[in-house]
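A.B. asks: The structure that follows is given in the form of structure tokens.
Read-outs throughout are calculated quantities, based only on the coordinates presented, and are distinct from any laboratory measurement. The shown structure was predicted, so the numbers you read here are calculated from the model rather than taken from an experiment.
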């Protein structure tokens with residue numbers, strides 16, 4: 001069988017490790033739910049899905065790109081360039097290993113959102129009120145961000 005990546009640029013071991021860590025954390029959360037007698041609901045409420053989606057979008061963007069959260073990423077990344085609207089574009093440190101894999105994960109809003117979304121859904125089963133309250137905070141901030149960006153766009157268009 002031919003190798004997946006002949007150039008060697010894809011860290012398959014790192015990605016496999018991150019998937020294993022994700023699966024282990026999901027398994028631990030499910031086990032904690034069983035031990036406490038809580039189970040995942042049969043279905044999700046549309047309001048929880050919309051609120052969670054909005055909050056996950058905002059929090060994943062904040063963690064992966066926010067200038068204020070760059071100290072959290074710094075051990076695993078280095079600044080590539082400012083990206084506007086209080087955001088940075090970082091790149092993962094190194095070319096392989098745990099540090100590089102974590103760096104790639106935490107600089108990708110799409111990747112981080114899988115972990116955060118899973119945490120939100122799991123939190124709804126274990127601690128629904130705090131989960132909804134936390135999601136509401138980031139949902140409100142996401143709406144505010146869009147209003148700020150829209151206002152700036154309209155202001156620039158008017159001048």
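A.B. asks: Given the options 28, 116, 105, state which has the largest fluctuation in a GNM of the chain using a 10 Å cut-off (strictly under) for Cα springs.
C.D. replies: Its mean-square fluctuation being the largest, the pick is 28.
A.B. asks: Here is a further query. For the chain, with equal point scatterers placed on the C-alpha atoms only and solvent neglected, what are the log10 I(q)/I(0) values from the Debye formula at q = 0.10 1/Å, to two decimals?
C.D. replies: -0.48
A.B. asks: Cα centroids of the stretch 119-134 and the stretch 68-110: how far apart, whole angstrom?
C.D. replies: 27 Å
A.B. asks: Using a Gaussian network for the chain with springs between C-alpha atoms less than 10 Å apart, which of these wobbles most: 35, 51, 126?
C.D. replies: 35
A.B. asks: Evaluate the Kirkwood expression for the hydrodynamic radius of the stretch 15-60, namely the inverse of the mean inverse distance over all pairs of different C-alpha atoms, and round to one decimal in Å.
C.D. replies: The answer is 12.7 Å.
A.B. asks: Would you mind telling me which residue in 80, 48, 90 has the biggest mean-square fluctuation in a Gaussian network model of the chain, where springs connect alpha carbons within a distance under 10 angstrom?
C.D. replies: Residue with maximal mean-square fluctuation among 80, 48, 90: 80.
A.B. asks: Still on this model: Percent relative contact order of the chain, based on C-alpha pairs within less than 8 angstrom and at least six residues apart?
C.D. replies: After rounding, I find 28 percent.
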